[in-house]
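Chemist: First the structure, which I've put down as structure tokens, then a few questions once you've had a look.
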Amino acid sequence: MQFVLGLFCGMLVWELIASAFAGAPMLIVHNANLVTKVIFPLEILPIAMILSALVHTLIGFTPLLLLIIISQGTISLSALTLILIFVPVVLYCLGLTWMLSALGVFLRDIGAAMPAIITVLMFASAIFFPMTAIPQAWRWVMMLNPGAVLISMARNALVFGALPHWGTLALQILISFFVATIGYAFFMKVKSAFADVL
């Protein structure tokens, strides 16, 4: 039963990440009518998209929490750390959305490549197996994927009652903040050229 709960948890976190990859490339293109409105801050569109996806993810956790209570009788206090774990998840998604939505204006083929990229990343994000199933010699490769690290942390905290490694979580928050900052800066730099292309 814990495997099923862990898989459910991993898929919920992954859906949020996948939504950033899937929706971002054509986000500005599909809202081209807003580009010509000088007073409209286009940088809000990625924020709105991620917040919408986050709400759906949080709703998805409701049946998962009920299943955990039914199967385990209680929810571990370590589940509270999900709030901290979702901070870098959201920041990574925001950074990627700002970056991909800006690139999608100039490179329309990015959207067509996303389904394949999402599939590859899904299997590389330790959703269907625990990180401990990977041989120690190769585990560092999986640790380079922030999605795998954060999904593993979320699953361990919610389903298995294990606190995250605080140093690793702090590093993920720092890196994700950097990714979000770079994504936002890139978006703002090329934003003025959107109207010329669209």
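Chemist: If you go through segment 1-32 one residue at a time, how many are of a type in the set (Val, Ile, Thr), part of a helix (DSSP H, G or I) and buried (at least 18 other Cβ atoms within 10 Å of the Cβ)?
Modeler: 2
Chemist: Show me the helices (runs of 4 or more DSSP H) entirely contained within segment 107-198 in which 3 or more residues are more than 29 Å from VAL29 (Cβ to Cβ) and out of contact with any Cys (no Cβ under 7 Å at 6 or more places or on another chain).
Modeler: Working: elements: 110-123, 139-143, 146-158, 166-190, 194-197.
Passing ranges, in order: 139-143, 146-158, 166-190.
Chemist: Right, another one. Kindly indicate whether any position in segment 33-47 is modelled with pLDDT under 90, part of a helix (DSSP H, G or I) and among the aliphatic types (A, V, I, L, M).
Modeler: Scanning segment 33-47, I find at least one residue that is modelled with pLDDT under 90, part of a helix (DSSP H, G or I) and among the aliphatic types (A, V, I, L, M), so the answer is yes.
Chemist: Across segment 44-90, what is the number of residues that are buried (at least 16 other Cβ atoms within 10 Å of the Cβ) and of a type outside the set (A, V, I, L, M, F, W, C)?
Modeler: Residues meeting the conditions: 7.
Chemist: Please give the number of the condition ILE69 fails out of (1) under 17 Å from the mean Cα position of the chain (by Cα); (2) modelled with pLDDT under 95.
Modeler: Condition (1) is where ILE69 drops out.
Chemist: Right, here's the next one. Name the pairs whose Cβ atoms lie under 9 Å apart, with the first residue in segment 99-116 and surrounded by 12 or more Cβ atoms within 10 Å (Cβ to Cβ), the second among the basic types (Lys, Arg), and 6 or more positions between them or separate chains?
Modeler: Going by the 9 Å Cβ cut-off, the qualifying pairs are ALA102/LYS189; ALA102/LYS191.
Chemist: Hey, any hits in segment 177-192 for a residue that's among the aliphatic types (A, V, I, L, M), surrounded by fewer than 21 Cβ atoms within 10 Å (Cβ to Cβ), modelled with pLDDT of 95 or more and under 25 Å from PHE123 (Cα atoms)?
Modeler: Within segment 177-192, one or more residues are among the aliphatic types (A, V, I, L, M), surrounded by fewer than 21 Cβ atoms within 10 Å (Cβ to Cβ), modelled with pLDDT of 95 or more and under 25 Å from PHE123 (Cα atoms).
Yes or no, residue by residue, for (1) β-branched (Val, Ile, Thr); (2) in contact (Cβ under 8 Å) with a residue 24 or more places away in the chain:
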position: LEU91; (1), (2): no, yes
position: ASN145; (1), (2): no, yes
position: THR181; (1), (2): yes, yes
position: ASP196; (1), (2): no, no
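The values are calculated or read from the model by the stated rules, or taken from the named source; none is laboratory data. Note that this is a predicted model, so its numbers are computed, not measured. Using ideal geometry, Cβ is built from the backbone for each residue, glycine included, and neighbour counts are taken over all protein chains shown.
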